[in-house]
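Here the structure comes first, spelled out in structure tokens, and everything after it is commentary.
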């Protein structure tokens, strides 16, 4: 291994791979799970599609702003580089700390667990317990049942396998991403076409079309559906994390971001419309596997097999994109001397951030084995949007502090587009805070705890360069 100061990452991600990272990350498990949650929250078709449209518009506005940042500052770490340069080193570190220690590892573990849940539908033995232990909890009358199933070590195996693929080279990881993205997009498109071509147009899924009344509950339902849609849209910003490895980033980053978000918005709304076309509204709101129920109602339960395979491939593609992009943040931080030194290592042959890849894989594996990753992920949903908003604030500030910075692409609709995005990010984080005040407070406290490490690393850096 060689420290990143002596070697640089290779620009091996072309236009198609860049697009596959955006689309492959966005089209994950959310498209199969969130339509039911949105229907349950919204209570009417109009509110459901209003949430899809607003969520898509907000994501597009974010992509337009991030396109300017990515084209002007095509560096590893994405938001870390933008916040560091636009708002100051401490803000960049706080994003990187949240992302590297809990945010990305917990997300990877959750995706791996989702992959294994789909596999358990095909092979029920995957969900069988291999270890069970009753643990007495203080101040609790009922003991806590600690259960380990085959899914947990298999989730670790999936994490290790995809980490190894990306360890061998960014081009290999990129090719795998393109293949998996093509498979998942084809599968989703097939479900949409089958739904409209073969299902009887009963229209039961489009009733109630309008809310029965307009009140505070209607607004609450809309924000609940909006939060669910933004979870499905999430992932458009991952391309910026690998900015230093994209070929011709001045053109490929803006194109992949903007066209990728537009394409996924169309796919999401078509899939939602197909689901409503086939299933009654109440059935859709209660569905645990919307895609399986849609196909089952058209072709029978046996057809659910290939749908489950499609969902597994979708999760696999998202996990690969998450693995590929996530390691670049700790690498960039360590390269600047404010993270664990080992994560700055670049493999001398494969030219990948080998140390950071292994680091993220180990943390994700720990979360997968303990089974606490879902709670940890929920802590950081609101924090992610805080940093999305701050990154766009950094973009606007850089327009003044670095007016001469070459900007091959400039954000369309400036300044209104970034301002609307920041306002949306603030509204969303406040809404999530009010919905989960305890978890959000704990999450914020964990993020701020990184300042202790930041001061220590900054002191060592000052000493070594002084």
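Confirm whether residue 16 is part of a helix (DSSP H, G or I) and at pLDDT below 90. Yes, satisfied. The set of residues from the stretch 260-294 being within 14 Å of residue 63 (Cβ to Cβ) and buried (at least 23 other Cβ atoms within 10 Å of the Cβ) comprises 260, 261, 264. Tell me whether the stretch 298-308 contains one or more residues that are touching a residue at least 24 places away in the same chain (Cβ under 8 Å) and crowded, with 22+ Cβ neighbours inside 10 Å. Yes, the stretch 298-308 contains a residue that is touching a residue at least 24 places away in the same chain (Cβ under 8 Å) and crowded, with 22+ Cβ neighbours inside 10 Å.
Report, by residue number, each residue of the stretch 400-418 that is without any contact (Cβ under 8 Å) to a residue 12 or more places away in the chain and part of a helix (DSSP H, G or I). Result: 400, 416. Which one is surrounded by the fewest Cβ atoms within 10 Å (Cβ to Cβ), of the residues in the stretch 320-351 that are out of contact with any strand residue (DSSP E or B) (no Cβ under 9 Å at 6 or more places or on another chain), touching a residue at least 40 places away in the same chain (Cβ under 8 Å) and farther than 28 Å from residue 459 by Cα? It comes out as 350.
When every residue of the stretch 28-38 is checked against the conditions, none turns out to be at pLDDT 90 or above, part of a helix (DSSP H, G or I) and surrounded by fewer than 24 Cβ atoms within 10 Å (Cβ to Cβ). For the stretch 39-84, a tally of residues being in contact with a strand residue (DSSP E or B) (Cβ under 9 Å, 6 or more places away or on another chain) and either modelled with pLDDT of 95 or more or on the phi < 0 side of the Ramachandran plot (or both) returns 3.
In this structure, residue 156 does not satisfy being surrounded by fewer than 23 Cβ atoms within 10 Å (Cβ to Cβ), in contact with a helix residue (DSSP H, G or I) (Cβ under 8 Å, 6 or more places away or on another chain) and at pLDDT below 75. When each of 369, 428, 390 is tested for being touching a residue at least 12 places away in the same chain (Cβ under 8 Å), more than 30 Å from residue 223 (Cβ to Cβ) and touching a helix residue (DSSP H, G or I) at 6+ places or on another chain (Cβ under 9 Å), the lone residue that passes is 369. Considering 51, 63, the condition of being crowded, with 23+ Cβ neighbours inside 10 Å, more than 17 Å from the chain's Cα centre (by Cα) and either without any contact (Cβ under 8 Å) to a residue 12 or more places away in the chain or in a helix (DSSP H, G or I) (or both) is satisfied by 51 alone. Considering (1) in contact (Cβ under 8 Å) with a residue 12 or more places away in the chain; (2) at negative phi, the lone condition that residue 362 does not fulfil carries the number (1).
Taken together, 227, 232 contain a single residue that is within 17 Å of the chain's Cα centre (by Cα), surrounded by 24 or more Cβ atoms within 10 Å (Cβ to Cβ), touching a residue at least 40 places away in the same chain (Cβ under 8 Å) and under 30 Å from residue 96 (Cβ atoms), which is 232. Within the option set 262, 270, being in contact (Cβ under 8 Å) with a residue 40 or more places away in the chain, in a helix (DSSP H, G or I), farther than 18 Å from residue 191 by Cα and under 23 Å from the mean Cα position of the chain (by Cα) holds for one residue only, 262.
Output yes when any residue across the stretch 242-259 is under 29 Å from residue 198 (Cα atoms), buried (at least 24 other Cβ atoms within 10 Å of the Cβ) and out of contact with any strand residue (DSSP E or B) (no Cβ under 7 Å at 6 or more places or on another chain), and no when none is. No, the stretch 242-259 contains no residue that is under 29 Å from residue 198 (Cα atoms), buried (at least 24 other Cβ atoms within 10 Å of the Cβ) and out of contact with any strand residue (DSSP E or B) (no Cβ under 7 Å at 6 or more places or on another chain).
The values are calculated or read from the model by the stated rules, or taken from the named source; none is laboratory data. Please read these numbers as outputs of a predicted model, since none were measured by experiment. Cβ sites come from the backbone with ideal geometry, for glycine too, and all protein chains shown count toward neighbours.
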